[in-house]
Amino acid sequence: MEQECHAVLVVDDHDIVCAGIKALLEKCQICKNQVIDTAVDYSGMMHFLREKKYNILILDLHLGDVNTFSSIRKLSKAFPAMKIFVCSMYPEDPYAIECIHEGAVGYLHKRHVLESFKDAVSTIIKGDIYLNPEYAQCLSYGTAVKKREKPSLNALSKREFEICHYIVSGLSFKQIAQKLNISSKTVSAHHAHILEKLSLSNTAQLIHFVLQHKN
């Protein structure tokens, strides 16, 4: 039996979109007999959130001058039990992953609403993250390609490359810190990032790697 949600808040700067999403929720009966409120701006949304508790917030990515990514981050911390689901005209790439990183649990392009809305909401109610299947497949492929790519010194930033050069030259973290006018702790942090980027475990491997890849 499909789990029911108790209350949904739909936020979009177009009344007609709010009404349409509310109608879809009622039609597919995911939120049957439950409260479905709508707001057309950030202040209206915050008014509802202060007055009621919601299981799901369906949020447009564009709300006037409001930084929605920052809002998602703040809302996910302020209302940890509320699932934030973004429904937007902006393309999945790169916005979907940014929203997920900030705390959203799903992203749906409005062009897919009619065929995918019920599946999307059902997915997030169950506690899973929803992304359009085609986009999710592209993400998986991109991740797999990155994993197959061989580590390269080109992956290092200018500062990391500089520190890498000093390490291979035999300088200690303290000596490098003095040369670059930074703390030894910062050098150590850069060293850790360098090892991670090059998929190495220690300084000996780093020196060997650099000597092998010298032009």
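No value in this document is a laboratory result; all are computed from the given coordinates. Keep in mind that what you see is a predicted model, and the values were worked out from it rather than measured. Glycine gets a Cβ as well: all are built from the backbone with ideal geometry, and neighbour counts include every protein chain shown.
Among [x] 1.17; [y] 1.04; [z] 0.97, which one is Rg/Rh (Cα atoms, Kirkwood Rh) computed from these coordinates?
So the structure-derived entry is [x].
Using alpha carbons only, how many degrees (0 to 90, rounded to 10) separate the axis of helix 133-148 from the longest principal axis of the chain?
Tilt relative to the chain: about 10 degrees.
Restricting to DSSP loop positions (anything but H, G, I, E, B) with no more than 16 other Cβ atoms inside 10 Å of their own Cβ, which trypsin sites (Lys or Arg not before Pro) remain in segment 1-103?
Values: sites: 22, 27, 32, 50, 52, 53, 73, 74, 77, 83; in loops: 32, 52, 53.
In loop regions of segment 1-103 (DSSP not H, G, I, E or B), the sparsely surrounded trypsin sites (Lys or Arg not before Pro) are 32, 52, 53.
Quick check on the chain: helices-only [θ] at 222 nm, where DSSP H runs of length 4 and up contribute -39,500 (n - 2.57) each and the sum goes over total residues. Nearest 500, please.
Value at 222 nm, helices only, nearest 500: -17000 deg cm²/dmol.
Give a quick list of trypsin sites (Lys or Arg not before Pro) in segment 163-215 that DSSP marks as loop, anything other than H, G, I, E or B, with at most 12 other Cβ atoms within 10 Å. Write out the running numbers ahead of the final one.
Details: sites: 174, 179, 185, 197, 214; in loops: 214.
The qualifying sites are 214.
Under the rule a/c < 1.5 gives rounded, and otherwise a/b versus b/c splits prolate from oblate, where does segment 153-212 land using the Cα gyration tensor? Intermediate values should be presented prior to the final figure.
Values: a/c = 1.70, a/b = 1.49, b/c = 1.14.
Here segment 153-212 falls in the prolate category.
Taking amide H atoms as placed 1.01 Å from N in the peptide plane, list the residues 5 or more away in sequence, or in a different chain, whose amide H sits under 5 Å from that of residue 10.
Here 37, 38, 39, 58 satisfy the definition.
Can you give me the angle between helix 68-78 and the longest principal axis of the chain, using Cα atoms only, in degrees from 0 to 90, rounded to the nearest 10?
Between the helix axis and the principal axis of the chain, the angle is about 80 degrees.
Say each of residue 165 and residue 93 gets a label point 7 Å from the Cα, pointing the same way as Cα to Cβ; how far apart are those two points in nm?
3.5 nm
Can you tell me the FRET efficiency between residue 43 and residue 136 if r is taken as the Cβ-Cβ distance and R0 is 35 Å, rounded to the nearest 0.05? Let's see the in-between values first.
On the way: r = 34 Å, r/R0 = 0.97.
According to the calculation, E is roughly 0.55.
Would you mind telling me which residue in 43, 122, 201 has the biggest mean-square fluctuation in a Gaussian network model of the chain, where springs connect alpha carbons within a distance under 10 angstrom?
Of 43, 122, 201, the most mobile in the Gaussian network model is 201.
Step through the table entries 74/126; 52/126; 27/83; 74/110; 126/197, compare each Cα-Cα distance with 32 Å, and write down the pairs that go over it. Walk me through the intermediate numbers first.
Details: 74/126 23 Å; 52/126 22 Å; 27/83 21 Å; 74/110 24 Å; 126/197 35 Å.
Check vs 32 Å cut-off fails for 126/197.
5 Å is the cut-off here: which amide hydrogens, built 1.01 Å from N in the peptide plane, fall below it relative to residue 130, excluding neighbours closer than 5 in sequence?
Under 5 Å from the amide H of residue 130: 106, 107.
Taking θ = phi - 60°, what integer Hz values does the Karplus form 6.51 cos²θ - 1.76 cosθ + 1.60 yield along segment 178-192, in sequence order, with x for Gly and Pro?
5, 5, 9, 6, 10, 7, 4, 5, 5, 4, 4, 5, 4, 4, 5
Pop out the ³J(HN,Hα) list for segment 111-118 in order, Karplus 6.51 cos²θ - 1.76 cosθ + 1.60 with θ = phi - 60°, rounded to Hz; leave Gly and Pro as x.
Listing the rounded values in order: 5, 9, 4, 4, 8, 10, 4, 4 Hz.
Can you tell me the orientation of helix 158-168 relative to the chain, as the angle in degrees between its alpha-carbon axis and the longest Cα principal axis, to the nearest 10?
40 degrees
Please check the chain for the longest run free of GluC sites (Glu not before Pro) that are loop-located per DSSP (anything but H, G, I, E, B) and have at most 16 other Cβ atoms within 10 Å. Write out the running numbers ahead of the final one.
Numbers: sites that count: 2, 4, 149.
With GluC sites (Glu not before Pro) excluded where exposed in loops, the chain gives 5-148 as its longest stretch.
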